[in-house]
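Report on the structure given below.
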Amino acid sequence: MQIPFLDLRIGHALIKDQLQHEWSRIISDSGFINGKHVETFATSLSNYLNSQVVTCGNGTDALQIALMALGLQRGDKLIIPTFTYISAVEVAVLLGLEPVLVDVDPDTFNIDTTAVGDKISSEVKAIIPVHLFGQSCEMDRIQEIASTHDLYVIEDNAQSLGSQYKIDGQWQMTGTIGTIGTTSFFPSKVLGAMGDGGAVFSKDKNLLALVRQIANHGQYVKYSYEHIGVNSRLDTLQAALLEIKLKHLNVDLQKRGKVAEIYDKTLSEIAWLQVPAKSTNSTHVYHQYTIKIKNGMRNKLRDYLQGHGIPTMVYYPIPTHSQKAYKYLGYTPKDFPNTEYLCESVLSLPIYPDMPMDHIDYIIEKIKKFNA
Ligand SMILES: *Cc1c(COP(=O)(O)O)cnc(C)c1O
């Protein structure tokens, strides 16, 4: 049996008629840029998150625009986990900011808040917690550190849209807890477009008004530029699709949870692997289902599964501190033992909302038969 890592066709088939209807309307009125669907979707997402929303071109732009809106100055330092996708560090460096990399927790894969505390200095102005694989960082501790030292918190929520975190006795959507939050609608994300897309959110209305301007060339009325901005927009076609898909998001997340539950139940009996740990006070939307393989057997298991038609992914094989482009930051692998261990041990298994049961069973059966 050959199974896919991710199959978007099943979910898209369910909304095809509705999508064709909306898209033909857009094609006939040709409102491809900033058509009414863009504002409609922003409002729907805003209601979903209970936070203001500005849409933009992709998740990397969202981070860049967020950092620009906060008015960080050249040379300001920001704390970023080294075990994550490259976007946060990339945009920080492009803006002349100095990343301070920190290690992650080996169980939750999220930023190690003790390491964050250790890196605070007067030059540090912000923290970028990345809610990796579907669950929240320890936001209570991060908010505490941020308020003590007067830091901005920029939540990279590209992988955990729809996840919730309990803080001060209240459940809040991830991405809306810190100063500002961002997400991506890259097709493989839990809310994915058929192309690129992104959004910035914040409960601070003035900050979001600035975000809106910066995403639109820093323009406050047409041809008047108050700030240096960028051009970053969500297409009308993508907004119309996302509006439809957002209505299915909670059901999709429940379906992902069911797949994870089946994996958890069967795979937790296997001694040589570890199923994903659940963070305290966070729900998990399982953007990825990432196991850890003990005894240095990860690559062997990966090849074995590949040989049986089961694709897997390694997120992430090379941490930021070891990337050629970021070597100049001056870190060594010894600085981040947990990340080094994870890069050699993690393996993400196929997971998506309408994953066929026989695929799940097949994967479990093959993993059980692996001779570790
Ligand atoms: C996907 C992702 C991004 C970037 O999103 P794009 O839309 O591809 O620019 C940023 N951060 C994280 C953690 C991501 O997973």
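The values are calculated or read from the model by the stated rules, or taken from the named source; none is laboratory data. Owing to the predicted nature of the structure, the values given are computational and were not obtained by experimental measurement. Here Cβ is always computed from backbone atoms with ideal geometry, including for glycine, and neighbour counts include all displayed protein chains. Keep in mind that these areas ignore ligands, DNA and RNA; they rest on the heavy atoms of the full protein, side chains included. Shrake-Rupley method; radii C 1.70, N 1.55, O 1.52, S 1.80 Å.
Testing His321 on (1) closer than 15 Å to Ser345 by Cα; (2) in contact with a strand residue (DSSP E or B) (Cβ under 8 Å, 6 or more places away or on another chain); (3) buried (at least 21 other Cβ atoms within 10 Å of the Cβ), one condition comes back false. Which one is that?
(1)
List the residue pairs whose Cβ atoms are under 8 Å apart, where the first residue sits in segment 50-71 and is within 10 Å of the ligand (Cβ to nearest atom) and in a helix (DSSP H, G or I), the second is of a type in the set (Asp, Glu) and at pLDDT 95 or above, and the two are 6 or more positions apart or on different chains.
Gly59/Asp156; Thr60/Glu90; Leu63/Asp156
How many residues does segment 1-29 hold that are more than 30 Å from Ile360 (Cβ to Cβ), of a type outside the set (A, V, I, L, M, F, W, C) and either in contact (Cβ under 8 Å) with a residue 12 or more places away in the chain or open to solvent by 70 Å² or more (accessible area, probe 1.4 Å) (or both)?
Summing the residues that are more than 30 Å from Ile360 (Cβ to Cβ), of a type outside the set (A, V, I, L, M, F, W, C) and either in contact (Cβ under 8 Å) with a residue 12 or more places away in the chain or open to solvent by 70 Å² or more (accessible area, probe 1.4 Å) (or both) in segment 1-29 gives 6.
Residues that are aliphatic (A, V, I, L, M): find the helices (runs of 4 or more DSSP H) completely inside segment 297-372 holding 3 or more of those.
Here the list reads 357-369.
Please verify whether Val38 is within 16 Å of the ligand (Cβ to nearest atom), part of a helix (DSSP H, G or I) and either at pLDDT 95 or above or over 16 Å from the mean Cα position of the chain (by Cα) (or both), treating the condition exactly as stated.
Taking the combined requirement at face value, the residue does not satisfy it.
Within segment 265-291, track down each residue that is within 20 Å of the chain's Cα centre (by Cα) and assigned to a strand (DSSP E or B).
Selection gives Ser282, His284, Tyr289, Thr290, Ile291.
Only one of these conditions is not met by Ala209: (1) among the hydrophobic types (A, V, I, L, M, F, W, C); (2) within 16 Å of the ligand (Cβ to nearest atom); (3) more than 21 Å from Ile128 (Cβ to Cβ). Which number is it?
That leaves (2) as the condition not met.
Got a number for residues in segment 216-264 being farther than 30 Å from Glu365 by Cα and under 20 Å from the mean Cα position of the chain (by Cα)?
12
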